[in-house]
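Colleague: Okay, here's the structure, questions in a sec.
The values are calculated or read from the model by the stated rules, or taken from the named source; none is laboratory data. Only a predicted model underlies this, so the values are computations on that prediction, with no experimental measurement involved. As a convention, Cβ positions derive from the backbone with ideal geometry for all residues, glycine included, and neighbour counts pool all protein chains shown. Keep in mind that these areas ignore ligands, DNA and RNA; they rest on the heavy atoms of the full protein, side chains included. Shrake-Rupley method; radii C 1.70, N 1.55, O 1.52, S 1.80 Å.
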Amino acid sequence: MARVAMIYYGATGNVRRLAHAVEEGAQAAGAETRDEPEASLDDLKWADAYVFGTPIRFGNVLSQLKQFPDKVVSGFTSAQNPHGGQESTLLALFNTMYHRGAIVVTPGYTDDRVFPAGGNPYGASSSLEPAEADLGAARHLGERVASLAGRLAMAGTAAG
């Protein structure tokens, strides 16, 4: 069983709603989860995977989310408008994670729930308040991260 931590920041509640949907998806895939707006070192050690959520700041992520180590990671974001930089923000987050040696998991086009939410292949995203389609894509992301992190955790246990 994978252990997945949703780590996010948000002022309006939109990122939090996406975090809860990602968590529901991870739990549906059998993962144990933690939903942490403020992660502690213990949360980071505990998790097999992190899914980061950030509001968009000029097409980039908040500096607080650029400091995490090598794990399975993914991301989700919310903007104030439909073309507010969702994809570029997720790509910027992942650039930092690549430098940390993370294994980045995206939804790609691996599930039909991605398309009604706008078809973002890099992570879950929304404009303003997340619609049910956005939350469905976030659930898929949680399922995918939990599934892949669980397989890697099992492989590590078998090898160690």
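Colleague: Select from VAL15, GLN86, LEU128 the residue farthest towards the positive end of the dipole of the chain; place +1 on Cβ of Lys and Arg, -1 on Cβ of Asp and Glu, and compute about the Cα centre.
Modeller: Of the candidates, GLN86 comes out farthest on the positive side.
Colleague: With a 1.4 Å probe and all protein chains in place, put GLU32, GLU143 in order of accessible area, largest first.
Modeller: GLU32, GLU143
Colleague: DSSP loop chymotrypsin sites (Phe, Trp or Tyr not before Pro) in region 80-160 with at most 11 other Cβ atoms within 10 Å of their Cβ, which ones?
Modeller: Of the chymotrypsin sites (Phe, Trp or Tyr not before Pro), the ones in loops of region 80-160 whose Cβ has at most 11 other Cβ atoms within 10 Å are TYR109.
Colleague: Same structure again: Carbon and sulfur atoms: what percent of the 1.4 Å accessible area of the chain do they account for?
Modeller: 51 percent
Colleague: Let me ask you something else. If you wrap region 1-150's Cα atoms in a convex hull and average its projection over all directions, what's the area in nm²?
Modeller: Taking the Cα atoms of region 1-150, their convex hull projects to 7.2 nm² on average.
Colleague: Moving on. With a cap of 10 neighbouring Cβ atoms within 10 Å, and only residues DSSP puts in a loop, list the chymotrypsin sites (Phe, Trp or Tyr not before Pro) found in region 4-58.
Modeller: Filter output for region 4-58: PHE58.
Colleague: So if I place +1 on the C-beta of Lys and Arg and -1 on the C-beta of Asp and Glu, and nothing else carries charge, what would the dipole magnitude of the chain be about its Cα centre? I want it in debye, nearest 20.
Modeller: 360 debye
Colleague: Note down, for region 61-153, the three equivalent ellipsoid semi-axes (square root of 5 times each alpha carbon gyration tensor eigenvalue), biggest first, whole angstrom.
Modeller: In descending order, the three semi-axes are 21, 17, 9 Å.
Colleague: Let me ask another. Could you do me a favour and compute the accessible area per residue for the chain, 1.4 Å probe, result in Å²?
Modeller: With the other protein chains kept in place, the chain gives 48 Å² per residue.
Colleague: What fraction of the DSSP beta bridges in region 1-148 is antiparallel, stated in percent and rounded to the nearest 5?
Modeller: 5 percent
Colleague: Give me the percent relative contact order of the chain, please, defined on Cα pairs under 8 angstrom at least 6 residues apart.
Modeller: 31 percent
Colleague: 5 Å is the cut-off here: which amide hydrogens, built 1.01 Å from N in the peptide plane, fall below it relative to ALA102, excluding neighbours closer than 5 in sequence?
Modeller: Placed amide hydrogens put LYS71 under 5 Å from ALA102.
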